[in-house]
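Here is the structure we will look at.
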């Protein structure tokens, strides 16, 4: 795939086109890429032909990546990670936000807690640090969701089924933690972090504070 098309695809993703439709003209995309309107229009048409982009007509066209387009970006990300970091670690950035209490409920379940101890060597604080991800980190989180991770197996309790949860080793300000991704979760812009510490309290974090999470994507 031509580098300029990857650049255009990446820019559309950064502007929010991974999960949502974005309104943008070819001139605006060209300005974002430091290219002419004609070049940007050509890139959009080529990406449409390659079935990596969808477009809704209108006074201002709406664009969105297809699954094929997302996979192309993920492959690029993995290739670069392999070159730069040995394909072992990525950085994901988000802003502290309030959760719905679901993390506390699930992590408080002994079946999950015991599996976390078996796999990671610590008993989790009964709650999660919830981060609303920056746009620039959405593609990284999407890639993480596709990785196998370390599995916490689901279980049945009192006729209620609790699903599998994928986990990844991580650090926040050098503190060991894990990123947890329930297999049934539909969140694509919220990431949950679990630690033996109350991270909010220990790091004096408040809603809106920016947090960088360094996540190991391969190995235990």
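Looking at this structure, is residue 19 under 26 Å from residue 79 (Cβ atoms), at pLDDT below 90 and in a loop (DSSP other than H, G, I, E, B)?
Numbers: under 26 Å from residue 79 (Cβ atoms): yes; at pLDDT below 90: yes; in a loop (DSSP other than H, G, I, E, B): yes.
Criteria met by residue 19.
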Single residue of segment 90-131 satisfying the filter (in contact with a helix residue (DSSP H, G or I) (Cβ under 9 Å, 6 or more places away or on another chain) and modelled with pLDDT under 90) that is nearest to residue 70 (Cα to Cα): 90
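Hey, any hits in segment 76-87 for a residue that's modelled with pLDDT of 95 or more and out of contact with any helix residue (DSSP H, G or I) (no Cβ under 6 Å at 6 or more places or on another chain)? Step through it out loud before you land on a result.
First, pick out the residues of segment 76-87 that are modelled with pLDDT of 95 or more: none.
Taking every residue of segment 76-87 in turn, none turns out to be modelled with pLDDT of 95 or more and out of contact with any helix residue (DSSP H, G or I) (no Cβ under 6 Å at 6 or more places or on another chain).
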Failed criterion for residue 38 (all others in (1) surrounded by 14 or more Cβ atoms within 10 Å (Cβ to Cβ); (2) assigned to a helix (DSSP H, G or I); (3) over 23 Å from the mean Cα position of the chain (by Cα) hold): (1)
Segment 41-77, residues that are part of a helix (DSSP H, G or I) and in contact (Cβ under 8 Å) with a residue 24 or more places away in the chain: 43, 44, 46, 47, 69, 70, 72, 73, 74, 76, 77
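Looking only at segment 108-119, count every residue that is touching a residue at least 24 places away in the same chain (Cβ under 8 Å) and surrounded by fewer than 20 Cβ atoms within 10 Å (Cβ to Cβ) and tell me the total. Step through it out loud before you land on a result.
Let us first name the residues in segment 108-119 that are touching a residue at least 24 places away in the same chain (Cβ under 8 Å), namely 109, 111-112, 115-116, 119.
Now drop any that are not surrounded by fewer than 20 Cβ atoms within 10 Å (Cβ to Cβ), which leaves 109, 111, 115, 119.
Counting residues in segment 108-119 that are touching a residue at least 24 places away in the same chain (Cβ under 8 Å) and surrounded by fewer than 20 Cβ atoms within 10 Å (Cβ to Cβ) gives 4.
Would you please name the residue that is nearest to the chain's Cα centre (by Cα), looking only at residues in segment 17-32 that are surrounded by 17 or more Cβ atoms within 10 Å (Cβ to Cβ) and in contact (Cβ under 8 Å) with a residue 12 or more places away in the chain? Walk me through how you get there before you give the answer.
Pass one, segment 17-32, residues surrounded by 17 or more Cβ atoms within 10 Å (Cβ to Cβ): 17-18, 22, 24, 26, 29-30.
Now narrow it down to the ones that are in contact (Cβ under 8 Å) with a residue 12 or more places away in the chain: 17-18, 22, 24, 26, 29.
Working: 17: 14, 18: 11, 22: 19, 24: 23, 26: 27, 29: 24 Å.
The residue in question is 18.
Listed here are the residues, each with its yes/no results for (1) touching a helix residue (DSSP H, G or I) at 6+ places or on another chain (Cβ under 7 Å); (2) farther than 28 Å from residue 21 by Cβ.
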| residue | (1), (2) |
| --- | --- |
| 133 | yes, no |
| 151 | no, yes |
| 164 | no, yes |
| 182 | no, no |
| 199 | no, yes |
| 203 | no, yes |
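The values are calculated or read from the model by the stated rules, or taken from the named source; none is laboratory data. Please read all numbers here as calculations on a predicted model, not as lab measurements. Cβ sites come from the backbone with ideal geometry, for glycine too, and all protein chains shown count toward neighbours.
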